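Have a look at the structure below, then the notes.
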Amino acid sequence: MNVKIASRITNVIAVFALAVGISSLGSPAQADEDDDLWAVPVPIPGAAMERNGICEKGEICFYHNSNLGGLVSDFFSDVKDYGTSQPGCYEFKGPGEGQGECMDHNVASVWNRTGEVVSIYKDSECQGDRAVVGDDEIPQNLSDLIKNKNASHCIG
């Protein structure tokens, strides 16, 4: 496929995504005064999509089991409280071991692909004992200090 065709396909996909995003907004008559009708999320080609169950460059990824086993929960920003019950907690994504389980006190391994140091904390609000994960993109099991005893993380 030549570059010109690939470029056209990318443009068609972007226009389609924009149209889908705009159509989901509803009519202005349905909007509250505080709604920002022009804030339409548009995917950027090559950008990580947070919380899609895929560990992409730019994200910190938490795994249910050791050695990056089981399901994943992926983020590109701080989370000060994973939550402890459904609905409302951050859960592992996809089908398989850990499906639907809240992350809180259930993370055994991590892959830091953010390019920054990430601290994983035992308590909410990035407090308490912590494990510091380097920015070297080397997947690792969490130490016994924090393995399955985690409630928040802060990047940087």
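Out of (1) exposed (fewer than 15 other Cβ atoms within 10 Å of the Cβ); (2) out of contact with any Gly (no Cβ under 7 Å at 6 or more places or on another chain); (3) charged (D, E, K, R), the odd one out for residue 149 is which?
Against the list (1) exposed (fewer than 15 other Cβ atoms within 10 Å of the Cβ); (2) out of contact with any Gly (no Cβ under 7 Å at 6 or more places or on another chain); (3) charged (D, E, K, R), residue 149 comes up short only on (1).
For residues in the range 117-139 being in contact with a Leu (Cβ under 9 Å, 6 or more places away or on another chain) and of a type outside the set (Val, Ile, Thr), which is nearest to residue 62 (Cα to Cα)?
139
Is it true that some residue in the range 104-115 is in contact with a Pro (Cβ under 6 Å, 6 or more places away or on another chain) and of a type in the set (Phe, Trp, Tyr)?
yes
Just one of (1) outside any loop (DSSP other than H, G, I, E, B); (2) at pLDDT 95 or above; (3) within 15 Å of the chain's Cα centre (by Cα) trips up residue 107, so point out which.
For residue 107, the exception is condition (1).
How many residues does the range 97-122 hold that are closer than 17 Å to residue 83 by Cβ and out of contact with any strand residue (DSSP E or B) (no Cβ under 7 Å at 6 or more places or on another chain)?
Qualifying residue count for the region: 2.
The values are calculated or read from the model by the stated rules, or taken from the named source; none is laboratory data. Given the structure is predicted, the values throughout are model-derived calculations rather than measurements. No Cβ is skipped: glycine too gets one built from the backbone with ideal geometry, and neighbour counts run over all protein chains shown.
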